[in-house]
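Before any comments, here is the structure.
The values are calculated or read from the model by the stated rules, or taken from the named source; none is laboratory data. Computed from a predicted structure; not experimentally measured. Cβ sites come from the backbone with ideal geometry, for glycine too, and all protein chains shown count toward neighbours. Accessible surface is based on the protein model in full, side chains and every heavy atom, while ligands, DNA and RNA are left aside. Shrake-Rupley method; radii C 1.70, N 1.55, O 1.52, S 1.80 Å.
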Amino acid sequence: MDLFVIPLGTASAVPTRMRHLSSLALWRAGRLLLFDCGEGTQYRLLAAELKAPRLEAIFITHFHGDHFFGLFGLLATLAMLNRTEPLVVVGPEGIERLIESMPGLSETERGFPIRYVELGEGFEHAVVFETADYVVTARPVEHRVFTVGYRFEERTRRGVCMWSGRGRLE
């Protein structure tokens, strides 16, 4: 199955001419996941020829603006495109309150449901999104503020041999 990891932005706090604010897209078999959503992410999705309406889940690592200020505009765009499919938004505790309190982004105004998965400072490990083919887990990571790291992992498929990297198939 094709899997593409597309860095949309890799700048640190301040964009440059060549580097945009934090955002990473993961495309797998027609499914689109977004990890962080810095300002300008919508433009970067367009440049990468990824369709925002295909988004199934957005994962926010922490509440520094360069990692999530683009989220509000992206959600507003999805509403203007008449999205009806549910969207999963995963992030630190408070992400639901932030989104739902933004003008134009309450569920009745945006027209599509969001399933929130909030992670508090005491958690150690959590499955935050899964399909029959893969799972996304979360763990806290070290940073100046409470921050969540995410891991995307393909599920083992029957009859598929995996190269171990040690010179043999396992």
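Exactly one condition in (1) of a type outside the set (K, R); (2) buried (at least 21 other Cβ atoms within 10 Å of the Cβ); (3) in a helix (DSSP H, G or I) is not met by E39; state its number.
(3)
For segment 84-91, indicate whether the set of residues that are in contact with a Phe, Trp or Tyr (Cβ under 9 Å, 6 or more places away or on another chain), touching a residue at least 60 places away in the same chain (Cβ under 8 Å), β-branched (V, I, T) and not in a helix (DSSP H, G or I) is non-empty.
Looking for residues that are in contact with a Phe, Trp or Tyr (Cβ under 9 Å, 6 or more places away or on another chain), touching a residue at least 60 places away in the same chain (Cβ under 8 Å), β-branched (V, I, T) and not in a helix (DSSP H, G or I), one finds at least one in segment 84-91, hence yes.
Go through segment 56-72 and report how many residues are β-branched (V, I, T) and under 10 Å from T41 (Cβ atoms).
Of the residues in segment 56-72, 1 are β-branched (V, I, T) and under 10 Å from T41 (Cβ atoms).
Looking only at segment 15-36, count how many residues are in a strand (DSSP E or B) and in contact (Cβ under 8 Å) with a residue 24 or more places away in the chain.
Count: 10.
Condition first: open to solvent by less than 20 Å² (accessible area, probe 1.4 Å) and either of a type in the set (A, V, I, L, M, F, W, C) or part of a helix (DSSP H, G or I) (or both). Now tell me which residues in segment 53-62 satisfy that.
L55, A57, I58, F59, I60, listed by residue number.
So which residues in segment 114-147 are modelled with pLDDT of 95 or more, open to solvent by 50 Å² or more (accessible area, probe 1.4 Å) and either among the basic types (K, R) or within 24 Å of G73 (Cα to Cα) (or both)?
Within segment 114-147, R115, E118, R139 meet the criteria.
Out of all the residues in segment 95-113, which are among the small types (G, A, S) and either in contact with a His (Cβ under 6 Å, 6 or more places away or on another chain) or more than 14 Å from F72 (Cα to Cα) (or both)?
Passing the criteria: only G111.
Select from segment 7-34 the residues that are hydroxyl-bearing (S, T, Y) and at pLDDT below 95 and write down the one among them that is surrounded by the most Cβ atoms within 10 Å (Cβ to Cβ).
Filtering segment 7-34 for residues that are hydroxyl-bearing (S, T, Y) and at pLDDT below 95, the one surrounded by the most Cβ atoms within 10 Å (Cβ to Cβ) comes out as S22.
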